[in-house]
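The values are calculated or read from the model by the stated rules, or taken from the named source; none is laboratory data. Since we're looking at a predicted model, the values are computed, not measured. Ideal geometry is used to build each Cβ from the backbone, glycine not excepted, and the neighbour counts take in all protein chains shown. Remember, those area values only see protein heavy atoms, side chains included, never the ligands or the DNA or RNA. Shrake-Rupley method; radii C 1.70, N 1.55, O 1.52, S 1.80 Å.
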Amino acid sequence: MSLPEFTLLFITVAIGSLLQVAIGFGLGLLAAPVIAILDPSLTPVVVLLLATGVTAAVVALEGGHADIRGAGWALVGRVPGVVGGAALVAVLPARHLAFLVAVVVLLGVAVSLRGFVPRPGRRSVLLAGLVSGVMGTATSIGGPPMAMVWQRLSGPKLRSTMSGFFLAGSAMSLASLAATGAVHKDSLRYTALLAPAAVIGVLLARPLSGRLDMRRTRAAAMGLAVASATVLVIQQFL
């Protein structure tokens, strides 16, 4: 990876981490397609490792607001999803995984734009956890299903509940991926190199979150994610 490419990825991770803290998701949505464009072999492990650290920071700051019951049912649903996602990583070539990342990003944005608001009952939370487990383990983008089912929650409660779910869920996904041999030396090296970007995003999120228009911020994040996913799709056909 060249210096300009790494610089682009560093900035993307910083912005994604800021959004992850401010609105509860964003790191995977932004960083995963960029990583898949630059080096598909690094997906999904690098984003999952970085997300574990970022979500741990949010839980430490706002963990008291979490909906423990809802997060628990979502994690029950995530278990079979993690197994399915790890199986996809084990059998699909890096090129196909990169294409899957793009598809997941575009579907996530499309669902969000439709404005569908499911009732956050046990069945819908279990199903969202299942889908998030497959998507999150295979592509590191497990946020859209949970953001959709929990969108009625208030700001701190939403961020805290999603972060608690993703902290435990990312650990589950990483353990499953490690068992398949997907966690390798390069993914650990790039995680260490990009960790300062995640720290910058976390540190900037708290002073900036009060100044951000959440609706415009979400729209901008989705626009950037769609642009990256589109480039990724085009790349697969060149």
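Details
- Full-extension gain in nm, residue 60 to residue 41, via 0.36 nm per residue minus C-alpha separation: 3.7 nm
- Rg in Å to one decimal, and Dmax rounded to a whole Å, for the chain via C-alpha atoms: 16.0, 49
- Taking 0.36 nm per residue of sequence separation and removing the Cα-Cα distance, the residue 227/residue 208 pair yields an extension gain of 4.4 nm.
- Once the Cα gyration tensor of region 149-194 is diagonalised, semi-axes √(5λ) in Å: 29, 14, 7
- Surface composition of the chain: carbon and sulfur make up 69 percent of the accessible area, probe 1.4 Å.
- Averaging the sequence gap over all C-alpha pairs within less than 8 Å and six or more residues apart, then dividing by the number of residues, gives the chain a relative contact order of 36 percent.
- Cα-projected label distance for residue 7 with residue 94, points at 7 Å along beta-carbon direction, nm: 2.4
- The mean accessible area for residues of the chain, using a 1.4 Å probe and ignoring ligands and nucleic acids, is 45 Å² per residue.
- In this calculation the C-beta distance from residue 184 to residue 87 is compared with R0 = 22 Å, giving a FRET efficiency of 0.75.
- Peptide ranges 140-147, 166-173 listed from the most packed, as the mean C-beta count within 10 angstrom indicates: 140-147, 166-173
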